[in-house]
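A short reminder: the numbers here are calculations on the coordinates, not readings from a lab. The shown structure was predicted, so the numbers you read here are calculated from the model rather than taken from an experiment. Here the Cβ positions follow ideal geometry from the backbone for every residue, glycine too, while neighbour counts run over all protein chains shown.
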Amino acid sequence: MASSTQSPVYRATTTAPVNIAVIKYWGKRDTTLNLPTNSSLSVTLSQQSLRTLTTASASADYPAEDTLTLNGKPQDIQSSKRTLACLSSLRSLRKSLEDADASLPKLSTFPLRIVSENNFPTAAGLASSAAGFAALVRAVANLYELPQSPRELSRIARQGSGSACRSLMGGYVAWRTGEQADGSDSLAEEVAPASHWPEMRALVLVVSAEKKDVPSTEGMQTTVATSDLFATRAQTVVPERMDAIEAAIRDRDFPKFAEITMRDSNTFHATCLDSWPPIFYMNDVSRAAVRLVHDINRAVGRTVAAYTFDAGPNAVIYYEEKDSELVAGTVKAILGSSASGWEGPFYENLAHLSAPGVSLDQIDTRVLDVLKGGVSRVILTGVGEGPVAVEDHLVTERGEAIIN
Ligand code: DP6
């Protein structure tokens with residue numbers, strides 16, 4: 001446990017959500033500023049299911065170096081250029097406030113003690129860096145009482161991890177690639193709040209990977225450098241899809257939203273396969289999930305479900321609340337007791353289901369076995385809100401870290 005202090009300890013605590021892109025960010029045009037080659041768009045997921053909780057604290061009495069503890073483990077932030085870049089940008093914004101108002105405590109000169117925890121296991125293979133950097137930036141911005149909007153703060157979170165800039169807002173969020181060389185216009189913005197289309201649900205199928213994937217930062221560099229398909233995706237395919245999916249969101253047109261989402265995931269993974277040497281993130285279980293979604297949509301006679309995959313084998317299946325039985329109900333009937341996670345606030349309308357929404361003889365039999373053997377856990381969630389300031393501090397009034 002860290003030592004306590006005599007001087008005041010300033011604290012701010014926030015939660016931040018995970019987001020799952022429907023138009024994928026893949027490729028950097030500037031690795032130092034972390035600028036993307038294409039715009040992207042994501043759905044922020046409910047923090048009732050998945051969230052990072054972070055307390056930022058500052059005190060004149062803390063030992064000289066900033067510290068960060070994540071899930072109880074001290075992190076080496078001095079060698080993390082990304083974390084240092086975020087903290088230095090936040091400090092300089094605080095310093096301008098202090099320069100303009102001499103009565104403000106000089107927090108920009110105090111060391112920071114940051115404590116963070118996720119409410120989901122890292123082993124679930126969910127990209128936690130987006131929620132993590134969003135929470136870090138939001139917590140320090142709150143501690144420093146910065147007036148900047150989430151959109152302006154997204155410029156800072158982007159330097160931590162690209163996808164993190166989209167976790168500073170709730171609902172449906174676009175990250176605009178921007179045109180300026182200094183990245184000043186490469187920002188996230190809300191396309192629609194969660195309340196515009198609150199019926200959106202997401203079912204995460206947690207698939208265990210045999211070995212660790214190529215990390216996304218490294219994978220996208222290989223794709224940019226070697227894939228012939230990549231330039232077409234970034235320059236032509238994605239700009240058209242951004243316009244189309246924003247229209248689908250505006251009109252709450254699920255079939256359109258779903259087709260673009262599935263096609264964009266497929267194009268992204270096609271550029272991975274087209275990289276040299278090729279990169280594989282999806283595995284046999286992922287492909288079974290793709291087939292399942294197409295089989296469900298065919299059996300129902302309309303598009304009720306959409307899959308998407310990030311840089312790993314987990315499937316995220318989007319659907320609307322009204323189709324829960326058809327989509328989540330069918331997945332539940334297939335997995336039975338072989339997968340855990342059928343619980344929580346988004347499970348309520350499924351709890352009493354006795355038969356699958358779609359008869360299992362409509363689904364390819366190979367799919368049933370592969371999914372049953374390969375999905376260990378599900379997470380039922382839906383669209384949700386952005387970061388929320390809370391009082392469950394992970395640092396005491398005396399500056400001690402609380403490790404749960
Ligand atoms: C496939 O945001 O993890 O999830 O900026 O290098 O930290 P860095 O990459 P990161 O990449 C996420 C890639 C993705 C697609 C997406 O979230 O848009």
What percent do you get for the relative contact order of region 277-404 when only Cα pairs under 8 Å and 6+ apart count? 26
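Counting GluC sites (Glu not before Pro) as exposed when in a DSSP loop with at most 11 other beta carbons within 10 Å, what is the longest stretch of the chain free of them?
Details: sites that count: Glu65, Glu179, Glu210, Glu391.
The segment 211-390 is the longest one with no such site.
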Dipole magnitude of region 24-141, debye to nearest 20 (Cβ charges: Lys/Arg +1, Asp/Glu -1, about Cα centre): 420
Treating only the Cα positions of region 251-329 as identical point scatterers, give the base-10 log of I(q)/I(0) from the Debye formula at each q in 0.13, 0.19 Å⁻¹. -0.40, -0.79
Which one, Val207, Val237, Val327, has the greatest fluctuation when you compute a Gaussian network model over the chain with C-alpha springs under 10 angstrom? Val237
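Relative contact order of the chain: what whole-number percent is it, with Cα pairs under 8 angstrom and at least 6 residues apart?
Details: 868 pairs, mean separation 98.8, N = 404.
Once normalised by length, the contact order is 24 percent.
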Could you calculate the FRET efficiency of Trp276 with Ile403 from 1/(1 + (r/R0)^6), where r is the beta carbon distance between them and R0 is 60 Å, rounded to 0.05? 0.85
If each of Ala60 and Thr365 carries a label point 7 Å out from its Cα toward its Cβ, how far apart are those two points in nm? 7.7
Would you work out which of Thr55, Leu35, Thr69 lies farthest towards the positive end of the dipole of region 1-106? Charges go on Cβ: Lys and Arg +1, Asp and Glu -1. Leu35
Long pairs among Lys28/Lys212; Lys73/Lys212; Lys256/Lys322, criterion Cα-Cα beyond 19 Å: Lys28/Lys212; Lys73/Lys212
Using DSSP H assignments, which helices in the chain have an axial alpha-carbon span of 20 Å or above and a mean Kyte-Doolittle hydropathy of -1.0 or higher? 81-100, 129-143, 254-273, 284-300
Electrostatic dipole magnitude of region 200-382 [Cβ: Lys, Arg +1; Asp, Glu -1; Cα centre; debye, to 20]: 200
Region 10-195 - Debye-derived log10 I(q)/I(0), Cα point model, q = 0.13, 0.14, 0.19 Å⁻¹: -0.64, -0.74, -1.32
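Based on the Cβ-Cβ distance of Glu98 and Asp392, what FRET efficiency does E = 1/(1 + (r/R0)^6) give at R0 = 41 Å, to the nearest 0.05? Don't skip to the end; give the middle numbers.
Values: r = 28 Å, r/R0 = 0.68.
Once the sixth-power term is evaluated, E becomes 0.90.
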Contour minus Cα-Cα span, Asp76 to Lys322, at 0.36 nm per residue, comes to 84.0 nm
The Cα radius of gyration of the chain, divided by 2.2 N^0.38 Å with N its residue count, comes to 1.01
Rounded to the nearest 500 deg cm²/dmol, what is the calculated helix-only ellipticity per residue at 222 nm for the chain, with -39500 (n - 2.57) per DSSP H run of length n ≥ 4? -10500 deg cm²/dmol
Where only C-alpha atoms are counted, convex hull volume of region 269-404 per residue in Å³: 182
